[in-house]
Every structure is written in structure tokens, then in C-alpha cells.
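Colleague: One structure is given below, represented as C-alpha cells, and several questions about it will come after.
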Amino acid sequence: MKRQFAVIGLGRFGGSVCCALIEQGVEVLAIDQCEAKVNQYRDVVTHAVVADSTDEQALRHLGIRNFEHVIVAIGDNIQASILTTLILDELGVEHITVKAQNDYHEKVLVKIGAERIVHPERDMGARIAHHLMSKNVLDYLEVSDKYSIIEMFAGSKMHAKTLVELNVRASFGCNVMAIKRGAEMIVSPKADQLIQQDDLLIVLGADEDIKRFEQMFDDTK
Ligand code: ATP
């Protein structure tokens, strides 16, 4: 049997999650109280239904507790988002991911059982800012409030040097977890690994250390 996910709220974020999940080959139930939104996704997802997710009976009838993971993608209406999450938790849904509008919203969501909280706008803003600050940085991912991972082009300053010579760990406290070289992936590279200009480094570290690392090897400086 295919894995089953439900997405509540078909705004830009919820809609995009639906499409990405379908591409991954899972079944998706899409729920929105707005008929026009539901019609927009009817041909994309496995099932699309018009329902108000703050109505416990409606969610029960949809058998929501049988879904492996429910994503609450209601944005503006924080009250509806919180109430929906509460009902999902009470109905016994095991995995709940909720889109938070702000930090206060997140605090409440944590208390009422949301397993994972996402801030798409804030996260995307941070990713784009890192890319703007350094041309070498392709992507940025926050892994906790203190640590992050960047995907960074080695560039001219790292070319033909080993990880030891670059002092990645000793001077910057960062860890190169992997190196993408064309189609090849060098996982957990050794200290004597020689870096090439076009290599893509995947680096984990504390935010401050990552920032220093980015600045030191930025080709534009
Ligand atoms: P995005 O930025 O992802 O476009 P948004 O943050 O602006 O979305 P909204 O448009 O407020 O979020 O909400 C997303 C969707 O959630 C809307 O299509 C809306 O109809 C739906 N929605 C809001 N409340 C409920 C509810 N109680 N039950 C079902 N759907 C709901």
C-alpha cells in the first residue's frame, strides 16, 4: 500500500507540498474549505475534498487519523491553524507538521502537539540572504537555532588545497560532511582530501563559524 499524506490548506505553500508529495509517489488527500482551491488541485492529488478542518466531525469522517502524516498549511487564520492542530492531535494523528506564521504561533503549536513546525517564508529569506552574501554559497539549511548546513562552491581560494591545509576544523570549527564532484559524491572526506575549484562542499557548523567560513572563502572578496 502507498504511503498516505493529508494536506490541509491549499494556498501556495500547501499546494506546492501536495505537488511535491505526488511527485514522490505517495497518496495525498488535499483539504480546503474553499471549493475553488479544491477544484484547482482535484486533478493533481489522489483525493481533494471541501471541508472545514476546525470541524472535528468532518475530519473524523475523512478518517484523518489513518493518515501517516498531516500537514497543516493554513496561514493567515492562526486560530484555525491552532484548532486544527489540536483536533488532529486529539484524534491521534501520529505525525503533524504545521506552517507557523510567527514565533508566538510556533510556541502555541509546540505546546499542543505539532511534531514539526515550518516557517517557509522566514527559512527561504535566510537561504536567499546567505546566497546574496556570498556568491559561493548555493544553499543554506538551518538545522537548529545554533547550527546550520551550507552547500558551497570551493572556488579559487580552496583550489588544490587539502582540508587540513584549509584548517576547516581547527580554525573554523566546521565539518565538511561531503563533497560533490560532478556525479561523484565523496562522503566524510578525509583530512588529506584535495579540493578542486568546482567541488561543491556540504558543510555543517555553528552559525557564527559558518559565517566566518563563508566570508573567508568568498571569491568576490
Ligand atoms: P500561502 O502563503 O501558502 O499562499 P497563506 O499563508 O496566505 O498561504 P492562507 O491563504 O491564509 O495561507 O490559507 C491557506 C489555505 O487554507 C486557503 O486556501 C484557505 O482557504 C485554507 N483554509 C483556511 N482555513 C481553513 C479551514 N478552517 N479549513 C480548511 N481550509 C482552510
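The values are calculated or read from the model by the stated rules, or taken from the named source; none is laboratory data. As the structure is a computational prediction, the values presented were derived from the model and not from experiment. As a convention, Cβ positions derive from the backbone with ideal geometry for all residues, glycine included, and neighbour counts pool all protein chains shown. Ligands, DNA and RNA are excluded from the accessible area calculation, which covers all protein heavy atoms including side chains. Shrake-Rupley method; radii C 1.70, N 1.55, O 1.52, S 1.80 Å.
Colleague: Any idea what Rg and Dmax come out to for the range 4-118 if you just take the C-alpha atoms, in Å?
Modeller: Answer for the range 4-118, Rg first and Dmax second: 12.6, 36 Å.
Colleague: Turning to a different aspect of this structure: What is the log10 of I(q)/I(0) for the range 1-58, computed with the Debye formula using one identical point scatterer on each Cα and no solvent, at q = 0.14, 0.25, 0.29, 0.30 Å⁻¹?
Modeller: Log10 of I(q)/I(0), two decimals: -0.32, -0.96, -1.20, -1.25.
Colleague: Could you work out how far helix 120-133 tilts from the main Cα principal axis of the chain, as a 0 to 90 degree angle to the nearest 10?
Modeller: With both axes taken from Cα atoms, the answer is about 20 degrees.
Colleague: Give a residue-ordered list of calculated ³J(HN,Hα) values for the range 197-206 (Karplus: 6.51 cos²θ - 1.76 cosθ + 1.60, θ = phi - 60°; whole Hz; x for Gly, Pro).
Modeller: 3, 8, 5, 10, 9, 10, 10, 10, x, 5
Colleague: Using only alpha carbons, build the gyration tensor for the range 122-216 and give me the equivalent ellipsoid semi-axes, biggest first, whole Å.
Modeller: Taking √(5λ) for each Cα gyration eigenvalue gives 21, 14, 12 Å.
Colleague: So which aspartates and glutamates can LYS180 reach, going by Cα to Cα under 15 Å and dropping same-chain residues fewer than 8 places off?
Modeller: Excluding near neighbours in sequence, the set is ASP139, GLU151, ASP198, ASP199.
Colleague: Follow-up question, since we're still on this one. Can you give the local net charge around ASN167? Use residues other than it whose beta-carbon is closer than 14 angstrom to its beta-carbon, Lys and Arg +1, Asp and Glu -1.
Modeller: So the environment of ASN167 carries a net charge of +1.
Colleague: Please list, ordered by chain and number, the residues whose modelled amide H lies under 5 Å from the amide H of VAL118; skip anything fewer than 5 residues away on the same chain.
Modeller: Long-range HN contacts for VAL118: VAL98, LYS99, ALA100.
Colleague: A follow-up question, please. Express the carbon and sulfur contribution to the solvent-accessible surface of the chain as a percent, rounded to the nearest whole number, probe 1.4 angstrom.
Modeller: 52
Colleague: Another question about this same structure. Could you work out the relative contact order of the chain, using alpha carbon pairs under 8 angstrom and six or more residues apart, expressed as a whole percent?
Modeller: Across the chain, relative contact order equals 13 percent.
Colleague: If you plug each phi of the range 11-24 into the Karplus form 6.51 cos²θ - 1.76 cosθ + 1.60 with θ = phi - 60°, what whole-Hz ³J(HN,Hα) values come out, in order, with x for Gly and Pro?
Modeller: Taking θ as phi minus 60°, the curve returns x, 4, 5, x, x, 5, 5, 4, 4, 5, 5, 4, 4, 7 Hz for the range 11-24.
Colleague: Also, quick follow-up: Would you mind checking the pairs LYS2/LYS111; LYS135/LYS157; LYS157/LYS190; LYS2/LYS146; LYS2/LYS107 and listing those with alpha carbons more than 25 angstrom apart?
Modeller: LYS2/LYS111; LYS2/LYS146; LYS2/LYS107
Colleague: Additional query: Can you sort HIS61, HIS159, HIS105, HIS47 by 1.4 Å-probe accessible area, starting with the largest?
Modeller: HIS61, HIS47, HIS159, HIS105
Colleague: Pop out the ³J(HN,Hα) list for the range 53-68 in order, Karplus 6.51 cos²θ - 1.76 cosθ + 1.60 with θ = phi - 60°, rounded to Hz; leave Gly and Pro as x.
Modeller: Residue by residue, the range 53-68 yields 6, 8, 9, 4, 4, 4, 5, 4, 4, 7, x, 4, 5, 7, 7, 5 Hz.
Colleague: Counting DSSP beta bridges with both partners in the chain, what percentage is antiparallel, nearest 5?
Modeller: Percentage antiparallel, nearest 5: 50.
Colleague: Spin-label point model (7 Å from Cα, Cβ direction): what's the LEU132 to VAL187 distance in nm?
Modeller: Each label point lies 7 Å from its Cα, and together they span 3.6 nm.
Colleague: Let me ask something additional. Per the Cauchy relation, a quarter of the hull surface: what is the mean projected area of the convex hull of the alpha carbons in the chain, in nm²?
Modeller: Directional mean of the projected Cα hull area for the chain stands at 14.3 nm².
Colleague: Per residue of the chain, what 222 nm ellipticity follows from adding -39500 (n - 2.57) for every DSSP H run with n ≥ 4, rounded to the nearest 500?
Modeller: -10500 deg cm²/dmol
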